[in-house]
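In what follows, a single structure is set out as structure tokens and then discussed.
We did not get these values from a lab; they are worked out from the coordinates using the rules stated. Everything numeric in this text was worked out from a predicted model, so none of it was measured. Quick reminder, even Gly has a Cβ in these numbers, built from the backbone with ideal geometry, and neighbours come from all protein chains shown.
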Amino acid sequence: MGLLSGKDVAEALKERMKQEVEALKSKNITPTLGIIRMGEEPNDISYEKGATKTCEGVGAGVKVFALPRDGSQEDLLKTIKQVNEDKSIHGVLLFRPLPKQIDDNAARAALLPSKDMDGITDGSMAGIYSDTGAGFPPCTAESVIKILDHYKIDPAGKDVVVLGRSTVIGKPVSMLLLKKNGTVTICHSKTKDMQKKVQAADIVVVAMGRAWSVGKECFRAGQYVIDVGVNAKPNGEKGTCGDVRTEEVEPIVAGITPVPGGVGSVTSANLVCHVIEAAKTKA
Ligand code: NAP
């Protein structure tokens, strides 16, 4: 299998989304994403461009609510209330980290979990752990599952090791893998014998945010590796790299996602999938 292209997964998702949007439009519903941004942070602008392109490509709508970076908490909460109440907006992406004058917890609490497309509210997070299906998981964490599904890599009964335990990736992806009947081990900075655990796994999800920190010493034949890391290259070269030294690991394992072109390529497509799912509940 070699490289597990995220771009191919995103293309397949987009093809399906086009049909779903067409079906919704025949019922006079245009799935629409509301984006709330404070300022012009380069990461936010770049993600906004990708999400807008994906929405437009599948026929979905986008409305951007841009506030100044030094805007007040009151103005942000007003905007969140506005999108909560706007029936033409089915899902919302709120860019974080928010500027320092904003209370992140208050902003998260103001957003309706049913409109939270990226698993940031407590309600959406509870949905992941309670199996109620309420809300949506964080887009990146769920993209790992969409990649495994696309390549027909079934975690059921497999030993899965997740490197990283953040709220946005490590923990939710572990719960999603558990739901798929994987036997999940979560490693973090205090884990001992991590290399041994990784070598014993069938599927490894790497989300540490440590550029090129794991290489061939950790892997063996037959494994699937999903590299979630997006980091500046430590050698000063332009561009991004993953947590895994892909070049030396790819020849050993059964399949690995590249960076760029892997998980990151699926994230914005998955965001739009969530918007469409949210719109379907209004059909
Ligand atoms: P994070 O909040 O910094 O969490 C990193 C996790 O890795 C922590 O749980 C940490 O353990 C663990 N860790 C760090 N160094 C370790 C080591 N040497 N050994 C074992 N565990 C270690 O990062 P994040 O937000 O989850 O993001 C992880 C990566 O994903 C980053 O590169 C980020 O840029 C990338 N990312 C990609 C996308 C995408 O679309 N592809 C989206 C978001 C993020 P402790 O908890 O013990 O500190």
* **Overall dimensions of the stretch 3-46 by Cα: Rg and Dmax, Å** => 15.1, 40
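Is the C-alpha gyration tensor of the stretch 139-264 telling us rounded, prolate or oblate? Criteria: a/c under 1.5 is rounded; beyond that, a/b larger than b/c is prolate, otherwise oblate. Could you put the intermediate results ahead of the total?
Numbers: a/c = 1.37, a/b = 1.31, b/c = 1.05.
Judged from the Cα gyration tensor, the stretch 139-264 comes out rounded (a/c under 1.5).
Checking a compactness column here: for the stretch 134-175, what do you get for Rg(Cα) / (2.2 N^0.38 Å), N being the number of residues? Walk me through the intermediate numbers first.
Numbers: Rg = 10.6 Å, N = 42, 2.2 N^0.38 = 9.1 Å.
Cα-based Rg divided by the globular estimate yields 1.16.
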* For the chain, what log10 I(q)/I(0) values come out of the Debye formula at q = 0.14 1/Å, with one point per alpha carbon and no solvent? -> -1.03
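Taking 8 Å as the Cα distance limit and 6 or more residues as the minimum spacing, I'd like the relative contact order of the chain as a percentage.
Numbers: 569 pairs, mean separation 64.0, N = 283.
Dividing the mean separation by the residue count of the chain yields 23 percent.
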* Structure fact -> Computed from the beta carbon distance with a Förster radius of 41 Å, FRET efficiency for Asp75 and Asp8 to the nearest 0.05 stands at 0.50
* **Separation of alpha-carbon centers, the stretch 58-126 and the stretch 232-263, rounded to whole Å** => 32 Å
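How much mean residue ellipticity at 222 nm does the chain get from its helices, if each DSSP H run of length 4 or more adds -39500 (n - 2.57) and you divide by all residues, to the nearest 500 deg cm²/dmol? Could the numbers behind the result be given before it?
Working: 10 runs with 117 residues, N = 283.
Taken over the chain, the calculation gives -12500 deg cm²/dmol.
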* Asked: Excluding same-chain residues fewer than 8 positions from Lys18, which lysines have a Cα within less than 26 Å of its Cα?
  -> Lys7, Lys27, Lys49, Lys53, Lys63, Lys87, Lys115, Lys146, Lys152, Lys280, Lys282
* Take each of the peptides 120-127, 11-18, 268-275, 99-106, average the number of other beta-carbon atoms within 10 Å over its residues, and list them starting from the highest. => 268-275, 120-127, 11-18, 99-106
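Listed here are the pairs Lys158/Lys216; Lys158/Lys190; Lys14/Lys196; Lys190/Lys233; which of them are more than 28 Å apart at the Cα?
Numbers: Lys158/Lys216 21 Å; Lys158/Lys190 24 Å; Lys14/Lys196 38 Å; Lys190/Lys233 25 Å.
Those over the limit are Lys14/Lys196.
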* **Volume in Å³ per residue [convex hull over Cα atoms, computed for the stretch 2-95]** => 95 Å³
